[in-house]
Amino acid sequence: MNGKTVFITGASAGFGAACARMFAAGGNRLILTARRIDPLQHLQEELSPHAEIHIIPLDVCDREAVQGAIESLPERFRTIDVLLNNAGLALGLEPAHQVSLDDWDTMVDTNIKGLMYCTRCILPGMVERNRGHIINISSTAGAWPYPGGNVYGGTKAFVTQFSRNLRCDLLGTRVRVSCIQPGMAETEFSKVRFKGDEAQAANVYRGTEPLTAEDIAETVRWIVSQPPHVNINTLELMSIDQTWGPFAIHREQK
Ligand code: NDP
Ligand code: 8X3
């Protein structure tokens, strides 16, 4: 796996930054995008000795900005081989009847619509060249319900099913689509979910050995490294310290 042009959304932190390091070490050419430019610039400085890096400040919710960014890529970065649809977030853990509707909007706009925009803009080139790989970051939350997962889990279920439906549309091409469903991983994710409350965020991982961003990067590396005729459809992974719970049952107190 080298010499590929890789477009990563949400490269300023967590899984996206770890994947950028992994792809750079493999000798690939990277387009790194996120809203925050400072971390992207630091990553560019860190990785430039090993790989060609192009950074773009980009909010994936902004459809025109996504289109514009992709249309105005420098010539050397135009032939995208791998799209890592990673940008995303959870906001809040309140039950559905108490949650902020703005938070629901933001999750839908980012996790669903942002991923749609990037896919729709980059996919035609892949189909035309008859090669490419889209890797979508879903979540265990898209497969398994939990209290407070309401819209976040719904957006990730969209990502999983959208990935499968893309495969149907792409049958007969050599464009691959893979979907990764990680469980609890320690990144900035919980800090974002709990709006900067570091103690609440740290509590999520307390006493456990969660997945790391590097574990996800290694999973992405493995998926991309498969022979071209092998398509990894869906891959779910969890920390050894996480598993499913029993059904919850409400009982009247008599
Ligand atoms: P982080 O919060 O560490 O990173 C999220 C990244 O997404 C940041 O780079 C952030 O960049 C970017 N991002 C958020 N909103 C936007 C936006 N509107 N436009 C562009 N970029 C955006 O979290 P993770 O690395 O953990 O999360 C990455 C993905 O993995 C997400 O889709 C998340 O849902 C998913 N996931 C996370 C798990 C976990 O437990 N950590 C488990 C399963 C899935 P910036 O703020 O600079 O825009
Ligand atoms: C992130 C994992 O369990 O916090 O997608 O929803 S979880």
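The values are calculated or read from the model by the stated rules, or taken from the named source; none is laboratory data. It should be emphasised that the depicted structure is a prediction, and the values quoted were computed from it without experimental measurement. Neighbour counts run over all protein chains shown; Cβ positions are idealised from the backbone, glycine included. Accessible surface areas use protein heavy atoms only, side chains included; no ligands, DNA or RNA. Shrake-Rupley method; radii C 1.70, N 1.55, O 1.52, S 1.80 Å.
Accessible surface calculations at 1.4 Å, restricted to protein heavy atoms, place the chain at 52 Å² per residue.
On full extension, the segment bounded by Ala143 and Arg120 gains 5.9 nm, given 0.36 nm per residue less the C-alpha separation.
Sort 153-159, 49-55 for me by packing, meaning the mean count of neighbouring Cβ atoms within 10 Å per residue, highest on top.
My ranking of the peptides, most packed first, is 153-159, 49-55.
Based on the Cβ-Cβ distance from Ser48 to Ser225, what FRET efficiency comes out when R0 is 25 Å, to the nearest 0.05?
Numbers: r = 24 Å, r/R0 = 0.95.
The computed FRET efficiency comes out at 0.55.
Secondary-structure-derived ellipticity at 222 nm for the chain, considering helices only, amounts to -12000 deg cm²/dmol, per-run term -39500 (n - 2.57) for DSSP H runs with n ≥ 4. Relative contact order of the chain, taken over Cα pairs closer than 8 Å and 6 or more residues apart, is 19 percent. Measuring between their Cα centroids, the stretch 221-250 and the stretch 91-107 lie 26 Å from each other.
Its alpha carbons considered, the stretch 5-237 gives a radius of gyration followed by a Dmax of 16.9, 51 Å.
Taking the accessible area of the chain, probe 1.4 Å, and keeping the other protein chains in place, the carbon and sulfur fraction comes to 52%. The value for the stretch 141-250 of Rg(Cα) / (2.2 N^0.38 Å) is 1.24.
With a 10 Å radius around each residue's Cβ, average the other Cβ atoms per peptide and rank 62-68, 222-228, highest first. Let's see the in-between values first.
On the way: 62-68: 15.4, 222-228: 13.3.
Ranked by mean Cβ neighbours within 10 Å, highest first: 62-68, 222-228.
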